[in-house]
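Take a look at the structure below.
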Amino acid sequence: MRKHKADYFIVLTTLALMAAGLVMMFMIGPQRANFLNSALGYEKYSENFFFSRQLISVGVSIVAFIVAAKLPIKILHKYAKWILFLALGLNALLAILAAINSPLAVCQLGGCRWIGTAGVSFQPAELLKVALVIYLADLMARRKEEGKLESFADFWWPYILVCGASLFFVVVLQKDLGTGVALVAIMLATLFISGVPLRYFAAAVGVVLAAGIMSIVISPHRMERLSTFNGAGDSDSSYHIDNALLAIGTGGLLGVGVGNSVQATGYLPESVNDSIFAMIGEAFGFLGTTILMLAFMFLLMRLLKMIPLLDTEKGIMVAGIFAWIFAQVIVNVAAMTGLVPLTGITLPLLSYGGTSMMFVAFALGSALQISSFTARRSASSEDALLTRRTFSTSRSGAPSSSHSIHAEKLRGGER
């Protein structure tokens, strides 16, 4: 596959979503700041606090996007283990800091999820998403080439160990089920696209579902949210979702307009981050949320479209990025519209928060670079690179015949 022009629609959509987040911070940031100052009893936040912080986050994220677009993918895979060790190490450090009640562990809403001081914080779980995408793509591609995707010692043991440790840190210790959903999406999407036998994939899904149910049952606050979703909660437990739905409903078709938000004055919790979709619905109405969802759909389709045109390693990596962003968008929007129990998760590239935006931008920068290494034509159903048939491994570990044919065509320069 010769290098060609990258898919710059990824750049345009990424920048458009970042710009939309900036517009929202400019609109509702002053109201949010006034509410927080009133709650604290002193002037801690300026009117431009959230906008200026988001502007810095956008600048840093654009740099991360450019770095990822220029950094050779082979370098990422060369150091895949070390990137993963760094991510797991930082999550372990956060757990230790939280256990000893260190001021460096930033705790909010019942969970310690950030390492920070002096108003600057870093969320290790966001780095873990990138690390998992890179590591799993590298592991699966190597084991597929070696014909060891069914080997417990060579593939399943490291896969289970890494995925289990990641979910333990995030879901159990940090009490962050929303981020856990994104991690699970990455794990299962990369596993499916790698071509493991379907019986193994089904078993993995079953284990994840069982673990997910257990994590809800043993957690009182998650059970409370589930009860609220089923209509059994009291008015206090349903306060967040009630106000989210009220914001979306108030927006109507075209929204209440700039500066006319009521929910941003303190009624809707987390208005600048997890609840940003509801705020967009209030400000710009059904039309605004529809345009937003179309933008996300367009970005995700650009990622999905390139997967069948990539080699194994790059295809798995893009599948992981696709699943990550897809999961966060779907869960965030579904939670804000009452379709699933409420859980905290950011809306990629829009929500307030620099760590999340930076690593999503880095992932999309990597996807941009990978887009320049796709085949120029769509693979036919006979030789599609990432279909279940051609992506599966034979009992001897050799690639399927259609995969070999496709590889020979590519080596011959056919597009």
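The values are calculated or read from the model by the stated rules, or taken from the named source; none is laboratory data. This is a predicted model, so every value here is computed, not measured. Note that we place each Cβ from the backbone using ideal geometry, even for glycine, and neighbour counts take in every protein chain shown.
One line per residue, one yes/no per condition, for (1) surrounded by 15 or more Cβ atoms within 10 Å (Cβ to Cβ); (2) aliphatic (A, V, I, L, M); (3) not in a loop (DSSP other than H, G, I, E, B):
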| residue | (1), (2), (3) |
| --- | --- |
| LEU209 | no, yes, yes |
| ILE213 | no, yes, yes |
| HIS221 | no, no, yes |
| GLU224 | yes, no, yes |
| SER261 | yes, no, no |
| ASP274 | yes, no, no |
| PHE277 | yes, no, yes |
| THR289 | yes, no, yes |
| PHE296 | yes, no, yes |
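Within the stretch 111-126, restricting attention to residues that are touching a helix residue (DSSP H, G or I) at 6+ places or on another chain (Cβ under 6 Å) and either surrounded by fewer than 22 Cβ atoms within 10 Å (Cβ to Cβ) or more than 30 Å from SER52 (Cβ to Cβ) (or both), which residue is modelled with the lowest pLDDT?
CYS112
Take the residues of the stretch 318-361 that are among the aromatic types (Phe, Trp, Tyr) and crowded, with 23+ Cβ neighbours inside 10 Å: which is farthest from GLY116 (Cα to Cα)?
Here the residue is PHE322.
Look at VAL360 and say whether it is within 19 Å of PRO269 (Cα to Cα) and at pLDDT 95 or above.
The answer is no for VAL360.
How many residues does the stretch 37-69 hold that are loosely packed, with under 14 Cβ neighbours inside 10 Å and more than 25 Å from PHE359 (Cβ to Cβ)?
Qualifying residue count for the region: 8.
If I go through the stretch 190-218 residue by residue, how many of them are in contact (Cβ under 8 Å) with a residue 24 or more places away in the chain, among the small types (Gly, Ala, Ser) and closer than 22 Å to GLU146 by Cβ?
2
Need the failing condition index for GLY252 against (1) surrounded by fewer than 20 Cβ atoms within 10 Å (Cβ to Cβ); (2) modelled with pLDDT of 95 or more; (3) touching a helix residue (DSSP H, G or I) at 6+ places or on another chain (Cβ under 6 Å), just the number.
So the condition that GLY252 fails would be (2).
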